[in-house]
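Novice: Have a look at this one before I ask anything.
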Amino acid sequence: MCFGYPRNLGPMRYFYSADAIRDAEAPLLASLPDGVLMRRAAFGLATVIARELGTVAGRTVCAVVGSGDNGGDALWAATFLRRRGAGASAVLLKPERTHRQALAAFRRAGGRIVESVPAETDLVIDGVVGISGSGPLRPDAAAIFAGTEAPVVAVDLPSGVDVHTGATAGAHVTPAVTVTFGGRKPVHALGDCGRVELVDIGLDLAPSGLRALDAADVAACWPVPGPDDDKYTQGVTGVMAGSATYPGAAILSTGAAVAATSGMVRYAGTAAQEVVSHWPEVIATPSYSTAGRVQAWVVGPGLGTDDTAAAALVFALDTDLPVLVDADGLTILSAHPDLVAGRSAPTVLTPHAGEFERLAGSPPGDDRVAATRRLADRFGATVLLKGNVTVIAEPGADSVYLNAAGNSWAATAGSGDVLSGVIGALLAAGRSPAEAAAAAAFVHARAADLSARDPGPAPAPTSASRILAHLRTALASIL
């Protein structure tokens, strides 16, 4: 394994369930004087808010306060800001259930209780519900947030957004920043949380199964030629893609494989002439039977779903090589799932939501992590579910990788063909299926962002060809 750091001190980011966070808090709450842990969290929250405000003295904040500890965090943070010279007000959604000690401190500091967010407020603190909450905002809370244009800093998670899935079922807060404590939760990758800031409050958390790569993880795993390497030892990627109808898919997927590593790419299919005209370094042949030795296959982009395409997929899956199946290959596989039954070599499936539904018989739904796990187990394959947040699950494994792109520039025709080529090249280089998929998703998202900002810095619509052209720049920024 290329990835993995002791504890969670390394670059990799881990995500924890609400229960895991509560279990980690329990010994601290038992060992510390009453209220100390809350004030520690609130001080970190206030520090982030102060950075957002720039200057604290003379600025104004308003906390929207629910019941329980989340509201207490918001009130304590407003209290700390008030002591530094900010104007502070609070809307108490349930006055009778407001955290008493925090409210008392807020009032002693000169904080005001109001019915709605004052018009002059510079920043709103969302302290309505925490990790124990569920469902959309209640109408009174929704009306308060709808009545202000001030930026919002959410406490732990945006109210009205599910902590486990990031899904929304109605009114919810859309923050500029979310400040969370101790450890990230799934919502911080899966939901619309704005920028996420993690405050260390002293929790002892081991690495979790739900994780996301950082640039350092990708750099540690990406194939870089050594002094004894040649074009064969770095991996030979075989690509079966494209057709007379869709030659562009072959060009994109082979070009991405060329850009991803320094090994070799072999193309087998009807678009050989078009592929070589774009990428003269590719070894092209019209038939997979004459392709020569490869170390991983990419099958499906633009291939079609006729008998010839099905025969190509069967050929690849009958080998003992890693195989990535995408696009038309997934459509064929959805009709013939037995093709991967009992396969011992690595298989990677890369569906978008529509392809996922064809494979699974139902759409991913709100819980995309659980759905991806189920599909991986059903097919005995690593599954990469495409989306603004990419989800990657292995069969029978606890670990799931998330890649939050932070934008949707990759949602363009042909973008998935580029991703397939990158993953295939990493498989050919010997990377494990989950590593290859997770690292490729990270680089693909960065290339999409760079392509949208070239010449930049303001983003503009991009395309798969432009994403492909920025793969090398994305890799250079990481390696």
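The values are calculated or read from the model by the stated rules, or taken from the named source; none is laboratory data. Remember, predicted model here, so these are calculated numbers, not experimental data. Note that each Cβ is placed from the backbone with ideal geometry, even for glycine, and that neighbours are counted across all protein chains shown. Heavy atoms of the whole protein, side chains included, go into the accessibility calculation; ligands, DNA and RNA do not. Shrake-Rupley method; radii C 1.70, N 1.55, O 1.52, S 1.80 Å.
Novice: Considering (1) closer than 23 Å to A445 by Cα; (2) touching a Gly at 6+ places or on another chain (Cβ under 8 Å); (3) among the acidic types (D, E), say which one E197 fails and leave the rest.
Specialist: Failing condition for E197: (2).
Novice: For region 250-280, name all the residues that are part of a loop (DSSP other than H, G, I, E, B), open to solvent by less than 40 Å² (accessible area, probe 1.4 Å) and under 26 Å from A474 (Cα atoms).
Specialist: Within region 250-280, T261, G263 meet the criteria.
Novice: Only residues that are of a type in the set (V, I, T) and surrounded by fewer than 21 Cβ atoms within 10 Å (Cβ to Cβ): list them for region 453-479, please.
Specialist: T473, I478
Novice: Identify, from the list A74, A88, A78, the residue that is buried (at least 24 other Cβ atoms within 10 Å of the Cβ), touching a strand residue (DSSP E or B) at 6+ places or on another chain (Cβ under 8 Å) and outside any helix (DSSP H, G or I).
Specialist: Checking each option against the conditions leaves just A88.
Novice: Ok, one more. Test L313 against the stated conditions and say whether it is under 26 Å from A434 (Cα atoms) and in contact with a strand residue (DSSP E or B) (Cβ under 9 Å, 6 or more places away or on another chain).
Specialist: So L313 passes the test.
Novice: Right, another one. Kindly provide the set of residues from region 168-191 that are farther than 24 Å from E115 by Cα, modelled with pLDDT of 95 or more and part of a loop (DSSP other than H, G, I, E, B), ordered by number.
Specialist: Selection gives G182, G183, K185, P186, G191.
Novice: Now for a separate question. Among the residues in region 343-351, are any polar (S, T, N, Q) and crowded, with 19+ Cβ neighbours inside 10 Å?
Specialist: There is at least one residue in region 343-351 that is polar (S, T, N, Q) and crowded, with 19+ Cβ neighbours inside 10 Å.
Novice: Applying the selection to region 193-204, what residues are surrounded by fewer than 17 Cβ atoms within 10 Å (Cβ to Cβ) and closer than 15 Å to A41 by Cβ?
Specialist: L198, D200, G202 - these are the residues of region 193-204 that are surrounded by fewer than 17 Cβ atoms within 10 Å (Cβ to Cβ) and closer than 15 Å to A41 by Cβ.
Novice: Just to be sure I understand the filter: pairs with C-beta atoms under 8 Å, separated by 6 or more residues or on different chains, first member in region 56-77 and in the same structural domain as L37 (by the TED database) and more than 19 Å from G160 (Cβ to Cβ), second member basic (K, R) and open to solvent by less than 10 Å² (accessible area, probe 1.4 Å). Which pairs pass?
Specialist: So the pair list comes out empty.
Novice: Out of the residues in region 11-70 meeting the condition of being more than 31 Å from the chain's Cα centre (by Cα), β-branched (V, I, T) and open to solvent by 20 Å² or more (accessible area, probe 1.4 Å), tell me which one is farthest from D122 (Cα to Cα).
Specialist: The extreme case among them is V36.
Novice: Given (1) surrounded by 23 or more Cβ atoms within 10 Å (Cβ to Cβ); (2) touching a Lys or Arg at 6+ places or on another chain (Cβ under 8 Å); (3) outside any strand (DSSP E or B), where does G242 come up short, assuming only one miss?
Specialist: With (1) surrounded by 23 or more Cβ atoms within 10 Å (Cβ to Cβ); (2) touching a Lys or Arg at 6+ places or on another chain (Cβ under 8 Å); (3) outside any strand (DSSP E or B) applied to G242, the lone miss is (2).
Novice: Regarding region 101-120, can at least one residue be identified that is acidic (D, E) and touching a residue at least 60 places away in the same chain (Cβ under 8 Å)?
Specialist: Taking every residue of region 101-120 in turn, at least one turns out to be acidic (D, E) and touching a residue at least 60 places away in the same chain (Cβ under 8 Å).
Novice: If you don't mind, another one. Working only within region 436-452, note down all residues that are open to solvent by less than 10 Å² (accessible area, probe 1.4 Å), more than 13 Å from L324 (Cβ to Cβ) and in contact (Cβ under 8 Å) with a residue 60 or more places away in the chain.
Specialist: Correct list: A438, A439, V443.
Novice: From G191, G147, G170, which residue is among the small types (G, A, S) and in contact with a strand residue (DSSP E or B) (Cβ under 9 Å, 6 or more places away or on another chain)?
Specialist: Matching residue, one of G191, G147, G170: G191.
Novice: A further question on this structure: Checking the condition over 20 Å from F43 (Cα atoms) and touching a Phe, Trp or Tyr at 6+ places or on another chain (Cβ under 7 Å), which residue from P225, P247, P186 passes?
Specialist: Every option except P186 fails the conditions.
Novice: Residues in region 108-144 that are at negative phi and in contact with a strand residue (DSSP E or B) (Cβ under 8 Å, 6 or more places away or on another chain): how many?
Specialist: So the count comes out to 22.
Novice: Return the only residue of A327, A291, A312 being open to solvent by 10 Å² or more (accessible area, probe 1.4 Å), of a type in the set (A, V, I, L, M, F, W, C) and under 20 Å from A428 (Cα atoms).
Specialist: A327
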